[in-house]
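Structure, as structure tokens:
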Amino acid sequence: MASRAFSQSQQHNFPSKRVQLPMLRPTRMPALSIKSDHEIMKQMVADEDESFAMQGGEGPHSYAKNSIIQKGLIDGSKRLIQEAISKCFDPKEHIHGNDEPSTPICIADLGCSTGPNTFFAMQTITEAIESQFQSHGLASQIPEIQVLFNDQVSNDFNTLIKSLPQERNYYATAVPGSFCGRLFPKQTLHLVHSSAALCWLSKVPNEITDSDSSAHNKGRIHYTDAPKQVADAYATQYRKDMGNFLHARAQEVVENGLMLLQFPVSNVVLDSDVDPAKVFELIGNCLVDMVKVGVVSEEKVDSFNVPLIYPPVKDVKGILEGCDECFSIEGMEILQFKNMVSLPTVQIFVSWFRAALQGMIEKHFGAEIVDELFERFAEKVKEFPDIMDTDKLKLDVLFVLLRRKNKPKAMAMFNVHINGF
């Protein structure tokens, strides 16, 4: 992993080799106008049954026990978080004078799941903020800190709250709901963090499961190895979701407030490279095999799709540049997955995906198929070991530092473009 620090001159630096994911090459489309808050909330209520969270509890298949890979991503970005706060967080903006108490600093972690990884990230952020006050001679005036833990309404917040560190320097609140819409009052957040959650779509695109649509994804559960229309549908939904995400945050984040975002991205260049979404092709093949032996119905498989996308770097960059009226891009850096994470065993690899997918699989197919499905998946992984080879698996993480601009223009809506669409 590179060791360079953030600087203004580096904010758009990317590796020289081409970043491309052929399956995510939609045709050119007009810019999308972002819906009003009321329209977004109305649609979120309509789509509430598509809320899927990581596996709760603390059992052997829970996220809490199977999130070592996400922990690696958080550890790998620790330096960049510290540098971002050192560079852009001004403690003097939070000091109101001797006679007026300082307003609490509000931090939101979006896509927090059940812990413990969110707690490691919040510890890094809050300690970096306190260091800023200390380095400016304001150690005695550090405001109280409020951390708002957000995830889907179906998230196991009981396990999250029960697992909160006893020794922590912040107050904690759980906030259920989709981060593709408004979650907090206007201009209340000083810092937003999200790690490895922005690859999840708010819903499966409607046309994917429509048998009359050219994008009907029959016999597959993802855009991997699917017709171009399927990839286009995923990419379009991602663009809508990210537009709504940025629109909501633009209203909630205070002027000069920061967003520290980590985007899992695909970096497939060579034929020998392994698309990180290949894993869903393998799981889909397992389900098709189970259809053949009568364990699940073909109709059930045809109507099931995983709402997750690994976009190319340039597409994420294009989305962020489309909200330049509200946010400035203060820094970008690509972190290589292979430098942050090791995949030691097939069982750990399989358990990672089981923790992520079990909830939606149980809801669609029933709990009785889960054990057999992931036993079959483990066998597929053994047959295709390259999926665990971090030198071939082209999954990177794009770390982005955004700052909320001062005195924004009217922002009832703004346009989001993706370069190359």
Residues of segment 371-404 classified as more than 21 Å from Lys278 (Cβ to Cβ) and either β-branched (Val, Ile, Thr) or touching a helix residue (DSSP H, G or I) at 6+ places or on another chain (Cβ under 9 Å) (or both), total:
7
Meets criteria (modelled with pLDDT of 95 or more and part of a helix (DSSP H, G or I)) for Lys314
no
Those residues of segment 219-235 which are closer than 17 Å to Pro312 by Cβ and not in a loop (DSSP other than H, G, I, E, B), in sequence order:
Lys228, Val230, Ala231, Asp232, Ala233, Tyr234, Ala235
Tabulated pairs, segment 348-365, first under 10 Å from Met54 (Cα atoms) and without any contact (Cβ under 8 Å) to a residue 24 or more places away in the chain, second surrounded by 19 or more Cβ atoms within 10 Å (Cβ to Cβ) and not small (Gly, Ala, Ser), C-beta under 6 angstrom, 6+ apart or interchain:
none
A careful count of residues in segment 367-397 that are open to solvent by 20 Å² or more (accessible area, probe 1.4 Å) and either assigned to a helix (DSSP H, G or I) or not β-branched (Val, Ile, Thr) (or both) gives 18
I'd like to check something: does segment 51-70 contain any residue that is at pLDDT 80 or above, open to solvent by less than 60 Å² (accessible area, probe 1.4 Å) and in a helix (DSSP H, G or I)?
yes
In segment 123-137, is there at least one residue being among the aliphatic types (A, V, I, L, M), assigned to a helix (DSSP H, G or I) and exposed (fewer than 15 other Cβ atoms within 10 Å of the Cβ)?
no
Identify, by number, the condition in (1) in contact (Cβ under 8 Å) with a residue 40 or more places away in the chain; (2) assigned to a helix (DSSP H, G or I); (3) surrounded by fewer than 22 Cβ atoms within 10 Å (Cβ to Cβ) that Glu325 doesn't meet.
(2)
I'd like the residue in segment 192-218 that is in contact (Cβ under 8 Å) with a residue 40 or more places away in the chain and not in a loop (DSSP other than H, G, I, E, B) and, out of all such residues, is surrounded by the fewest Cβ atoms within 10 Å (Cβ to Cβ).
Thr209
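The values are calculated or read from the model by the stated rules, or taken from the named source; none is laboratory data. What you see is a predicted model, and the numbers here were worked out from it, not measured in a lab. Glycine also receives a Cβ, built like all others from the backbone with ideal geometry; neighbour counts cover every protein chain displayed. Ligands, DNA and RNA are excluded from the accessible area calculation, which covers all protein heavy atoms including side chains. Shrake-Rupley method; radii C 1.70, N 1.55, O 1.52, S 1.80 Å.
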